[in-house]
Each structure stands twice: as structure tokens, then as C-alpha cells.
1. Just checking, does the stretch 69-78 include any residue being part of a loop (DSSP other than H, G, I, E, B), open to solvent by less than 20 Å² (accessible area, probe 1.4 Å) and either within 19 Å of SER25 (Cβ to Cβ) or among the aromatic types (Phe, Trp, Tyr) (or both)?
2. Of the numbered conditions (1) open to solvent by 30 Å² or more (accessible area, probe 1.4 Å); (2) under 22 Å from VAL2 (Cβ atoms); (3) modelled with pLDDT under 95; (4) not polar (S, T, N, Q), TYR32 satisfies every one except a single condition; which is it?
3. Name every residue in the stretch 32-54 that is among the aliphatic types (A, V, I, L, M), assigned to a loop (DSSP other than H, G, I, E, B) and touching a residue at least 60 places away in the same chain (Cβ under 8 Å), in order of residue number.
4. Condition check: open to solvent by 30 Å² or more (accessible area, probe 1.4 Å), in contact with a helix residue (DSSP H, G or I) (Cβ under 7 Å, 6 or more places away or on another chain) and of a type outside the set (Asp, Glu). Does ARG104 satisfy that?
Amino acid sequence: QVQLVESGGGLVQAGGSLRLSCAASGRTFSSYGMGWFRQAPGKEREFVAAINWSGESTNYADSVKGRFTISRDNAKNTVYLQMNSLKPEDTAVYYCAAAASSARIEARFYDYWGQGTQVTVSS
């Protein structure tokens, strides 16, 4: 069982930065692939970024490549999403998720989800 708690969301102007954190409970965190997803009002949940258990492999949605960076600290049971050059279209609730299998783009492969943190980017 893994419990996930996101933090770090907020209101930021376009062009600004935020760093989201996702703290995980459980001693097996380091064996899980981790992902970030987001859902804007009236839209489907979409993949943002993923990282494998060791942190050596990452994957990003085209819409955030070059602006967002996913990382993890297994000693702290935490995964991060550094978001730079934010745009109004990045406004959404951001969720972190844990996958017992390798980190994937598809949400259906994730076993545990956090409650989400709101990110709002003003123009």
C-alpha cells in the first residue's frame, strides 16, 4: 500500500515557475515507477511526466518537454515536478501516481493516486 500526498501548487503568473512535491508513504517507494498527470476543468486527465524506479529514465508529454522536469529522491520517498515557463494552458489539478510496474504514459497502469494539487497560471 502506498499513500501519496501532493503539495506545492498555487497561483503563478505566466512565465513563472512552481515545484510540485509528492510525498509517499511505505517502504517500497523506491520500487515504484512514478508519474504526474493533470486534469483541467472539462477536460480528460492527461499524462505529464513519468520516471522509473531509479530515476534514470524519464518521459514527458510533448506539451511540457523542455519546460518541466521530473525527479525523485528515494531516500526521502518523494517525487518532484519542476515546472518552468508556465503557460495559462498548464492550469489544472496535478496528480502524482505510483505504478508497481514500470512508469508508463497510460493512467490505467498506475495503482495509487494522490488527491491532487491545484496549479493556476494567470495570463
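The values are calculated or read from the model by the stated rules, or taken from the named source; none is laboratory data. No experiment lies behind these values; they were computed from the predicted model shown. Backbone-built Cβ (ideal geometry, glycine too); neighbour counts: all protein chains shown. What goes into the accessible areas is simple: the full protein's heavy atoms, side chains included, and nothing from ligands, DNA or RNA. Shrake-Rupley method; radii C 1.70, N 1.55, O 1.52, S 1.80 Å.
1. No, the stretch 69-78 contains no residue that is part of a loop (DSSP other than H, G, I, E, B), open to solvent by less than 20 Å² (accessible area, probe 1.4 Å) and either within 19 Å of SER25 (Cβ to Cβ) or among the aromatic types (Phe, Trp, Tyr) (or both).
2. Condition not satisfied by TYR32: (1).
3. Quick first cut of the stretch 32-54, residues among the aliphatic types (A, V, I, L, M) only: 34, 40, 48-51.
Narrowing the set further to residues that are assigned to a loop (DSSP other than H, G, I, E, B) leaves 40.
Residues satisfying the conditions do not exist here.
4. Spelling it out, it is not the case that ARG104 is open to solvent by 30 Å² or more (accessible area, probe 1.4 Å), in contact with a helix residue (DSSP H, G or I) (Cβ under 7 Å, 6 or more places away or on another chain) and of a type outside the set (Asp, Glu).
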